[in-house]
1. Only residues that are closer than 19 Å to ASN62 by Cα, touching a Ser or Thr at 6+ places or on another chain (Cβ under 9 Å) and not in a strand (DSSP E or B): list them for the stretch 1-39, please.
2. If a residue must be over 17 Å from GLN97 (Cβ atoms), within 18 Å of the chain's Cα centre (by Cα) and part of a loop (DSSP other than H, G, I, E, B), how many such residues does the stretch 40-52 contain?
3. Please go through (1) in a strand (DSSP E or B); (2) under 27 Å from HIS148 (Cα atoms) for GLU68 and return the number of the only condition it doesn't satisfy.
4. Please determine whether any residue of the stretch 157-170 is out of contact with any Ser or Thr (no Cβ under 8 Å at 6 or more places or on another chain), acidic (Asp, Glu) and touching a residue at least 12 places away in the same chain (Cβ under 8 Å).
5. From the list SER98, SER75, which residue is in contact with a helix residue (DSSP H, G or I) (Cβ under 8 Å, 6 or more places away or on another chain), over 17 Å from VAL6 (Cα atoms) and at pLDDT below 95?
6. Go through the residues of the stretch 190-198 one by one and say whether even a single one is without any contact (Cβ under 8 Å) to a residue 40 or more places away in the chain and touching a Leu at 6+ places or on another chain (Cβ under 9 Å).
7. Helices (runs of 4 or more DSSP H) wholly in the stretch 123-240 with at least 2 residues that are of a type in the set (Gly, Ala, Ser) and closer than 30 Å to VAL14 by Cα - which ones?
8. Considering only the stretch 101-111, state which residues are touching a helix residue (DSSP H, G or I) at 6+ places or on another chain (Cβ under 6 Å) and either closer than 16 Å to GLU142 by Cα or of a type in the set (D, E, K, R) (or both).
Amino acid sequence: MNIKTVNIIGRGNVAFHYHKVMNEKGYKAKMISSREEFSAKDVESDIVIIAVKDDVINEVVNKLPKVEGILLHTSGFTNSDLLSQKADNFGCLYPLQSLSKKKDIDFSEVPLCFCANNEKCKDSLESFAKSLSTYACFVDDEQRQYLHIAAVFANNFTNHLFGISKEILDRHNIPFSLLFPIIDRTVNNVKSNDDLFAFQTGPAVRGDFNIINQHLDRLSSKEKELYSVISNSIIDYHKK
């Protein structure tokens, strides 16, 4: 299929960046509100992309007329078969990145994970994804779901931990920027090594319970709980 036109249902962060990059790459892309009823004209395009929150996808699908082109969602966790009731060709185009309307991004560096329900659709989506990003990768529904879980650990959880680190330092008038070099070192280790657990450092991996207990004495109750859970996980892993 020669893809030229794309209709994007939704006006959130993913829809915004998809609309921007697709038009920059020469596709005729337009955004459509997900809150209205859909007409046949709204789905008259080579690709229709449902770019809404996971808990709204089913509602949008139920409102759609029959889609003659390729119907996609952008979720990291929703099964693509949900789209089968409205299209013969369907799949997913999941951007593995935290996207915000307020922040510009080099979309060529955003991994695009795609899947499709048949080979012809898969070939079309592969060419389409590669035209948008350097990193286009086929992953089936199950693989994408595990990828999404891993991304929550690698991105969402670590960002939360950075926030807690900053709060601890702010309470004692210490600049958070002092942690930047060690954060950079950790990221470089992640990028350059396969056995990440081999590079684990800190009191938990050393079994230094004296330091661990002193740390706990200086933390709030919520911080203690999280510190203990993660420390115990490290200790248990390195007992193997």
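The values are calculated or read from the model by the stated rules, or taken from the named source; none is laboratory data. All figures in this text were calculated on a predicted structure; none of them were measured in a lab. Positions of Cβ are backbone-derived with ideal geometry, glycine not excepted, and every protein chain shown enters the neighbour counts.
1. Listed by number, the residues that qualify are GLY10, ARG11.
2. So the first thing to find is which residues in the stretch 40-52 are over 17 Å from GLN97 (Cβ atoms), and the list is 40-48, 50, 52.
Filter again for within 18 Å of the chain's Cα centre (by Cα), leaving 50, 52.
Add one more test, that the residue is part of a loop (DSSP other than H, G, I, E, B), and what stays is 52.
Residues that pass the stated criteria total 1.
3. Every listed condition holds for GLU68 apart from (2).
4. Here is the first cut: in the stretch 157-170, the residues out of contact with any Ser or Thr (no Cβ under 8 Å at 6 or more places or on another chain) are 157-170.
Going one step further and asking which of them are acidic (Asp, Glu), we end up with 167, 170.
Within this subset, residues satisfying the condition of being touching a residue at least 12 places away in the same chain (Cβ under 8 Å) are none.
So far as the stretch 157-170 goes, no, none of its residues is out of contact with any Ser or Thr (no Cβ under 8 Å at 6 or more places or on another chain), acidic (Asp, Glu) and touching a residue at least 12 places away in the same chain (Cβ under 8 Å).
5. SER98
6. Yes, because at least one residue in the stretch 190-198 is without any contact (Cβ under 8 Å) to a residue 40 or more places away in the chain and touching a Leu at 6+ places or on another chain (Cβ under 9 Å).
7. Where helices (runs of 4 or more DSSP H) fall fully within the stretch 123-240 and carry at least 2 residues being of a type in the set (Gly, Ala, Ser) and closer than 30 Å to VAL14 by Cα, they are 141-151, 158-171.
8. Of the residues in the stretch 101-111, the ones touching a helix residue (DSSP H, G or I) at 6+ places or on another chain (Cβ under 6 Å) are 101, 107.
LYS101, the sole residue that qualifies.
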